[in-house]
Amino acid sequence: MNKVVLVTGASGGIGSAICERLARENYDIVIHYFSSEEKAFSLAEKLKEKYSVSCLTVKADVSKEEEVEAMFDTIDEQMGGVDILINNAAIDLPDMFHLKTAEQFRRVLDVNVVGAYNCAKRAYEHMKENEYGRIINIASTNGINTYYPMCFDYDASKAALISLTHDLAVQFSPYVNVNAIAPGFIGTEKELDGYDEQFLKQECEKILKKRYGRPEEVADLVKFLIEADYINNSVIRIDGGQTGSV
């Protein structure tokens, strides 16, 4: 029987690349979305047709505990439970520092951190019972050493997600490995949208590889961590040697 992977925020560039990479390895895929319904269902059809794996598409606001409970109830019923959780769902509300509101700040933290906690807590029930599980949190170098005042709330959320990773690894040991991946500048459409050419050129110069990352490279690292039984409680950067931004 194939193991079941839940990828939250699966319809975006990194999320969809993770889904496709794991479907290629015969994992059954649960595609979570909140607003991008058309993309989510299109991805599911693609994976089923191309890789002949089971796919389930579910909608939920991961920041709301009751919606996460309902989502997992559906997964348990139709797929038998979640063996591997990829906490990829995240939002970013960039704006000038002085225009940010506390409400915006809370919303980013709710989705990016509380959402990951809600999903991990619920997924652990099945993982503990089976004495096997993998949780991979998609963090960011923004939570380590890359800072932009226009997205301080996003930066704070990713730093918090890294901290949560360490706490969950301790709490869920020994059967569940909990790790985080910290991508740098990944060249997805969403990532590059809205920035002027000069800014992108400057940021690219700070990367030792002198190029942006590809979503498929993040997906390859996810696959590696799923299979790497002795890597736990770790944060792995995938940023091409990004030298930071202050």
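Since every read-out is calculated from the coordinates, none of them should be taken as a lab result. Please read these numbers as outputs of a predicted model, since none were measured by experiment. A quick note on method: Cβ atoms are made from the backbone with ideal geometry, for glycine too, and the neighbour counts reach across all protein chains shown.
Points to keep in mind about this one:
- Each Cα pair under 8 Å and six or more residues apart adds its separation to the average, and for the chain the resulting relative contact order is 19 percent.
- Under the simplified labelling scheme, the GLU129-THR243 pair shows an inter-label distance of 5.2 nm, with each label point 7 Å from Cα along Cα→Cβ.
- Here the extension length gained between GLU216 and THR74 equals 48.3 nm, from 0.36 nm per residue of separation less the Cα-Cα distance.
- The spacing between the stretch 14-54 and the stretch 196-246, judged by their C-alpha centroids, is 22 Å.
- Summarised as an ellipsoid, the chain has semi-axes of 28, 19, 18 Å, derived from the eigenvalues of the Cα gyration tensor scaled by 5 and square-rooted, with the largest first.
- Estimated FRET transfer efficiency when R0 is 30 angstrom, pair LYS48-ILE236 (beta carbons, to 0.05): 0.50
- Placing +1 on the Cβ of every Lys and Arg and -1 on the Cβ of every Asp and Glu, with nothing else charged, gives the chain a dipole about its Cα centre of roughly 680 debye.
- Restraint check, LYS48/LYS206; LYS128/LYS209; LYS3/LYS39; LYS39/LYS210; LYS59/LYS121, Cα-Cα greater than 29 Å: LYS48/LYS206; LYS128/LYS209; LYS39/LYS210
- The chain: angle of helix 13-24 to the longest principal axis, Cα-based, in degrees nearest 10: 30
- Between the Cα long axis of helix 65-79 and the first principal axis of the chain there is an angle of about 50°, rounded to the nearest 10.
- Nitroxide proxy distance, nm - points 7 Å out along Cα→Cβ at PHE97 and GLU65: 3.5
- With Cα atoms, 0 to 90° folded angle of helix 152-172 axis to the chain main axis: 30
- Loop-located trypsin sites (Lys or Arg not before Pro) across the stretch 133-209 with a Cβ neighbour count of 12 or fewer within 10 Å are LYS209, with loop assigned by DSSP.
- Net charge contributed by nearby residues that have their C-beta within less than 14 Å of LEU164 (K/R +1, D/E -1): 0
- Among LEU99, LEU47, LEU200, residue whose mean-square fluctuation peaks in a GNM of the chain (springs only between Cα atoms under 10 Å): LEU99
- When each of THR243, THR8, THR165, THR188 is scored by the number of other beta-carbon atoms lying within 10 Å, the sequence from fewest to most is THR243, THR188, THR165, THR8.
- From helices alone, the chain scores -14500 deg cm²/dmol at 222 nm; the rule is -39500 (n - 2.57) for each run of n ≥ 4 DSSP H residues, then divide by the residue total.
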